[in-house]
Each structure stands twice: as structure tokens, then as C-alpha cells.
Amino acid sequence: MKDNNQELLPLVDEEGRVIGSATRGQCHDGSKLLHPVVHLHVFDSEGRLYLQQRPLWKDIQPGKWDTAVGGHVDYGENIDDALLREIREELGIEKFVPEFLMRYIFESERDRELVHVYRTTYDGDICPTAELDGGRFWTLDEIHEAMGKGVLTPNFESEIKRILNSKF
């Protein structure tokens with residue numbers, strides 16, 4: 001398995017308005033073309049946070065622990081539909097109640113993303129699909145202990161700091 005670098009993604013301005021399109025490969029080649037993504041943080045009722053382990057075949061941050069659900073918005077797709085699609089594709093969850101937290105721009109050496117961040121509380125079955133190398137619930141203490149040690153993705157580390165500094 002590998003990423004589809006021909007997947008067509010929308011290009012957006014900083015307000016999220018679609019201004020064009022480009023392939024996934026073009027968006028991740030260092031061009032910094034701004035494209036939208038969705039992230040969903042899945043908490044259980046005990047306050048633990050589910051993290052996915054990124055597969056070793058991923059082109060960005062392989063093998064690291066990351067946000068429970070994260071994915072690109074497809075060209076022609078809206079944010080809500082992308083969120084529903086990604087949680088089904090990655091964790092097999094059909095019914096959940098998302099709460100919008102924030103939107104921000106994340107920039108790495110390779111790409112630039114307009115990140116739409118959501119959270120949910122979910123105590124049902126989670127069935128990671130072949131898109132992931134599994135996942136598990138982490139306590140906030142375990143996450144804090146892993147910070148800065150190369151275990152978690154840099155994107156997740158910066159985002160969880162933003163979330164934990166805000167009130168749910």
C-alpha cells in the first residue's frame with residue numbers, strides 16, 4: 001500500500017475558499033500549496049485520547065503516533081463529508097457527534113495545510129482499518145511523557161498543545 005500522489009485536492013485561500021486544485025504529490029513536494037485537511041480527536045468518557053499509529057508506508061511521518069483521524073479533503077468535497085468519510089475509512093466509526101474546535105494553518109518543510117479540528121467523545125468499538133498500523137487510547141500523562149521524543153508526529157504535538165490550552 002502507498003499514498004496516491006495523483007489524488008486531486010482543492011487548493012484554498014486562508015479563509016478556506018477553493019481557488020484551484022492540485023494533486024496530492026504537488027501539494028506535498030515542497031510547493032506549500034495550501035490545501036484543507038480534517039482532524040478528529042477521539043476521547044473516551046474517561047478522558048483518554050485515541051491515537052493512530054501511522055503505517056510505515058506513509059510518505060510523511062511513517063510509524064509515528066498521530067491524531068485519531070486525519071485526512072485530506074477531496075476536490076469537490078465539503079469539510080463535513082470529508083470528516084465523516086475519514087472516520088469511516090480509518091476507524092470504522094459510523095455514528096459520532098463532532099464538535100468543531102478550531103481552524104489553523106500548519107506548515108512543515110514539505111507542505112502547508114488548512115487544518116479543521118474537531119473532537120468527539122466515543123465509547124464504542126474502534127476498528128482501525130488497513131490505512132493504519134493500529135491505535136489505542138492514551139492517557140494525557142502518557143501523551144505528555146511522549147512529547148518531544150520522536151514518538152508523536154510534530155503536527156499532533158503542536159495541535160494537542162493548542163487543544164489542551166483551550167477549554168473543551
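The values are calculated or read from the model by the stated rules, or taken from the named source; none is laboratory data. As the structure is a prediction and not an experimental result, all values here were calculated from the model. Heads up, the Cβs are rebuilt from the backbone with ideal geometry, glycines too, and the neighbour counts pull from every protein chain shown.
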Revision key, fill the gap. Residue count, segment 28-69, condition under 26 Å from G16 (Cα atoms), polar (S, T, N, Q) and in contact with a strand residue (DSSP E or B) (Cβ under 6 Å, 6 or more places away or on another chain), comes to 1
Exercise for review: Examine segment 138-155 for a residue that is more than 20 Å from L34 (Cα to Cα), modelled with pLDDT of 95 or more and of a type in the set (F, W, Y), and state whether such a residue exists.
Suggested key: yes
Check your understanding: Would segment 100-119 turn up any residue that is farther than 30 Å from Q26 by Cα, under 17 Å from the mean Cα position of the chain (by Cα) and at pLDDT 95 or above?
Key -> no
Study note, to complete from the structure: Screening E145, E107 for residues that are acidic (D, E), more than 12 Å from Q52 (Cβ to Cβ) and free of Cβ contacts under 8 Å to residues at least 40 places away in the same chain leaves only E145
**Study point:** Those residues of segment 105-125 which are hydroxyl-bearing (S, T, Y) and either out of contact with any helix residue (DSSP H, G or I) (no Cβ under 8 Å at 6 or more places or on another chain) or more than 15 Å from H41 (Cα to Cα) (or both), in sequence order
**Key:** S108, T120, T121, Y122
Exercise for review: Look through segment 19-52, keep the residues that are among the β-branched types (V, I, T) and touching a residue at least 24 places away in the same chain (Cβ under 8 Å), and return whichever of them is surrounded by the fewest Cβ atoms within 10 Å (Cβ to Cβ).
Suggested key: V37
